[in-house]
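Enquirer: Sharing a structure below in C-alpha cells format, with a few things to ask.
The values are calculated or read from the model by the stated rules, or taken from the named source; none is laboratory data. Fair warning: this is a prediction, and the values are worked out from it, not measured in the lab. Note that each Cβ is placed from the backbone with ideal geometry, even for glycine, and that neighbours are counted across all protein chains shown.
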Amino acid sequence: MLIVGSAGALATGTSAFFSDTETSTGNTFTAGSIDLLVDNQSYATNAQGVLAVSPTTSWPEGNLNDGVTTLHKFFDFGDIKPDDEGEDTISLHTQNDAYACMDVTLTSNDDRSTVDPETDALDAVENPADAWDGELAQNIQMFWWADDGDNVYEDNEDSISGGIKTLYDLATSSGAFSVALADSLGSIWDTTTLPADVTKYVAKAWCFGTLGLAAVPAGQGVSPLTATGVTCDGSALGNETQTDGATLDVEFRAVQARNNPNFLCEECVLTNTNVLFDGGFENPEVTNPAQWDIFPSPAGGWQVAWRSDIPATFGAQNRPAIANIEFHEGVLGLADEGDQYVELDTDWAGPNGSGDGEPASVTIYQDIATTPGATYQWSYAFAPRPNTPASDNRVEMRWGGVIANDTGNVAGGGGPIAWTTLTGSVVATTTTTRIQFTDLGTANSLGSFVDDFSLIKISCTPIRP
C-alpha cells in the first residue's frame with residue numbers, strides 16, 4: 001500500500017515555479033526624412049576662350065540654399081560673349097526612395113542698357129521699366145539630357161528638353177520648363193524612382209549661339225575637356241544682345257515614393273479654348289438646293305490648296321487656279337457637329353457645273369499661334385464617303401510639316417455617313433505652327449469627309465507638396 005499522506009499532516013514552506021522576466025525600455029519612433037542633396041560639376045568657357053572647370057558654379061553634395069550661408073547657382077556668368085558655352089552634370093541623392101521633379105523658370109530677359117553697337121544694330125532703346133525687353137535668352141541655346149555621370153552627351157542618352165531649345169522657348173513655355181525626373185508615370189532613368197542612396201544624374205549644355213549635337217558613342221565619354229557631345233557656333237550673332245541679361249530659377253523637388261503610388265510632378269488640364277477657327281465648317285453657309293457647294297480659298301478659317309501631285313487638267317477641263325473647299329449640309333447624312341461638314345476630294349465646278357470624276361483632292365490648313373514647348377490635344381471626326389472603296393478615303397494630318405495622324409484607307413459602307421472621332425496630342429516647337437489635312441485617296445472628286453476639328457492647349461502646373 002502506498003500512503004501519500006496521513007490525516008492531520010500539515011505542509012509548511014512555499015512552492016517554486018519556472019519563470020522569466022524580460023524588459024524592453026526606451027522604445028521610440030523616429031521619423032525618416034527625404035533630404036534631397038544636390039551637387040554640380042560645371043564647365044564653361046574661361047577668359048582665354050577655352051572650356052575649363054567653372055569653380056563658381058561647381059560644388060559638392062549639399063543643399064542648394066540653406067537659408068544662411070549657401071546659395072548655389074547653376075549659372076553665374078557676368079560677361080559671356082558669342083561662342084561661349086558650358087556643360088554641367090547635376091547629381092541628385094536622397095536617403096529614401098523618392099519621386100523627383102525639376103522646374104526651370106526664366107524670371108527676366110532684360111536689355112539693361114543701350115550701347116552704340118546695339119543702336120547701330122537697330123536694337124530698341126532699353127526701357128528701365130521693362131524686365132523683358134532683351135534678346136539674350138533668345139540667343140542662348142540649351143540641351144538637357146539624362147546623363148550617366150561622365151558629363152558627356154552620348155548617343156544612348158535621352159533628351160529631356162525635347163531637343164535643342166533657346167533658353168527663352170525652354171523656360172517660358174508654360175511658365176517653366178518642368179520635367180518629371182521620376183513620378184508615378186515613369187522616369188528618365190532606368191529606375192522607377194530616385195532610389196535611396198543611389199546617385200542619379202541630369203546634364204545640360206548651353207551655347208551663346210547655335211548649339212549642335214555631336215554625340216559620343218555610348219560608353220566612350222571621358223570628360224567635357226576631351227569631348228562634350230555638343231558643338232557651339234556663335235558666328236551668326238550680332239550686337240543686339242550686348243549688355244542684355246537674363247535670370248532664371250532652377251528648382252528640384254523630392255517627394256516620398258513609399259505609399260504614394262499616384263504622385264505626379266505636374267497637374268495637366270485642358271484649357272477651354274479651341275485655337276482653331278471654324279473647326280466645324282459652319283461658315284460660309286451652304287444655300288444651294290443641292291445641299292452642297294464649293295467655295296474658293298480662303299473659306300471660313302481655312303486656306304485651301306490643290307494636292308500637289310495631281311494633274312491640273314481633266315479631259316477638256318482646266319482646273320481652277322484657286323482651290324475650292326466643298327461644304328455639305330446633309331447630302332449623305334448628318335454632320336458630326338453642327339449642320340455642315342467638308343469633303344476633301346472636292347469639285348472643280350460645283351453643283352451647277354458639268355463633268356464628274358476630276359482630280360480635285362485638296363489640302364486645307366491654318367497657321368496657329370502656338371507656345372513653344374506646350375502640348376496641344378487635337379481631335380476631329382472622320383468618315384469615308386458611303387458606298388466608295390477604301391482607296392477613295394484616306395486623310396493625313398500634319399503638324400508643323402510632320403505627320404501626326406493618318407487614317408489609312410477606309411471603305412465607305414452603305415447607309416448614312418458613319419463618323420469616327422480621332423484624337424491625339426502634339427507639341428509646339430515654334431511660335432506659329434501650321435496644322436493641315438490632306439485627302440490622300442484617289443483624286444476623283446469622291447472622297448473623305450471631316451468635321452469638328454479642335455485644337456486645345458494643355459496647361460500644366462507643378463504640384464508642390
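Enquirer: Just to be sure, is THR375 touching a residue at least 60 places away in the same chain (Cβ under 8 Å), in contact with a Cys (Cβ under 8 Å, 6 or more places away or on another chain) and closer than 21 Å to PHE453 by Cα?
Expert: yes
Enquirer: Specify which of the listed residues (ASP336, ASP356) is assigned to a loop (DSSP other than H, G, I, E, B) and either crowded, with 23+ Cβ neighbours inside 10 Å or at pLDDT 95 or above (or both).
Expert: Only one candidate qualifies: ASP336.
Enquirer: Condition first: in a loop (DSSP other than H, G, I, E, B) and within 30 Å of GLY162 (Cα to Cα). Now tell me which residues in the stretch 395-418 satisfy that.
Expert: Selection gives GLY400, GLY401, THR407, GLY408.
Enquirer: Further question on the same structure: Would you tally the residues in the stretch 364-377 being surrounded by fewer than 20 Cβ atoms within 10 Å (Cβ to Cβ) and at pLDDT 95 or above?
Expert: 2
Enquirer: Criterion first (free of Cβ contacts under 8 Å to residues at least 40 places away in the same chain and over 29 Å from ALA137 (Cα atoms)) does ASP439 satisfy it?
Expert: When the stated conditions are applied, ASP439 does not pass them.
Enquirer: If you scan the stretch 201-226, which residues turn out to be of a type in the set (A, V, I, L, M, F, W, C) and in a loop (DSSP other than H, G, I, E, B)?
Expert: ALA214, ALA215, ALA218, VAL222, LEU225
Enquirer: Sticking with this structure for a sec: Filter the stretch 18-44 down to the residues that are outside the structural domain of ILE90 (by TED's automatic domain parsing) and aromatic (Phe, Trp, Tyr), then identify the one that is nearest to the chain's Cα centre (by Cα).
Expert: PHE29
Enquirer: Which condition number in (1) touching a Lys or Arg at 6+ places or on another chain (Cβ under 9 Å); (2) outside any loop (DSSP other than H, G, I, E, B) is the one that ALA44 fails?
Expert: Condition not satisfied by ALA44: (1).
Enquirer: May I pose another question? For ASN352, state whether it is in the same structural domain as LEU455 (by TED's automatic domain parsing), without any contact (Cβ under 8 Å) to a residue 24 or more places away in the chain and polar (S, T, N, Q).
Expert: Answer is no for this residue.
Enquirer: Pick out the one residue from ARG258, ARG253 that is farther than 24 Å from SER42 by Cα and either charged (D, E, K, R) or part of a strand (DSSP E or B) (or both).
Expert: Answer to the check: ARG258.
Enquirer: OK, next. Does the stretch 399-418 hold any residues that are on the phi < 0 side of the Ramachandran plot and either without any contact (Cβ under 8 Å) to a residue 12 or more places away in the chain or not aliphatic (A, V, I, L, M) (or both), and which are they?
Expert: Across the stretch 399-418, the qualifying residues are TRP399, VAL402, ILE403, ASN405, ASP406, THR407, ASN409, GLY412, GLY413, GLY414, PRO416.
Enquirer: Now for a different question. Which pairs do you get when a residue that is part of a strand (DSSP E or B), found in the stretch 286-306, comes within reach of a residue that is among the acidic types (Asp, Glu), reach meaning Cβ atoms under 6 angstrom, with the pair 6+ apart or on two chains?
Expert: Close Cβ pairs (under 6 Å, with a partner that is among the acidic types (Asp, Glu)) amount to ILE294/GLU326; ILE294/ASP347.
Enquirer: Here's something else I'd like to know. Just checking, which of PHE382, PHE314 is touching a residue at least 40 places away in the same chain (Cβ under 8 Å), more than 18 Å from PHE449 (Cα to Cα), surrounded by 18 or more Cβ atoms within 10 Å (Cβ to Cβ) and out of contact with any Cys (no Cβ under 6 Å at 6 or more places or on another chain)?
Expert: PHE314
Enquirer: Which one is surrounded by the fewest Cβ atoms within 10 Å (Cβ to Cβ) among residues in the stretch 202-238 that are within 21 Å of the chain's Cα centre (by Cα) and more than 12 Å from GLU85 (Cβ to Cβ)?
Expert: Top of the filtered list is LEU213.
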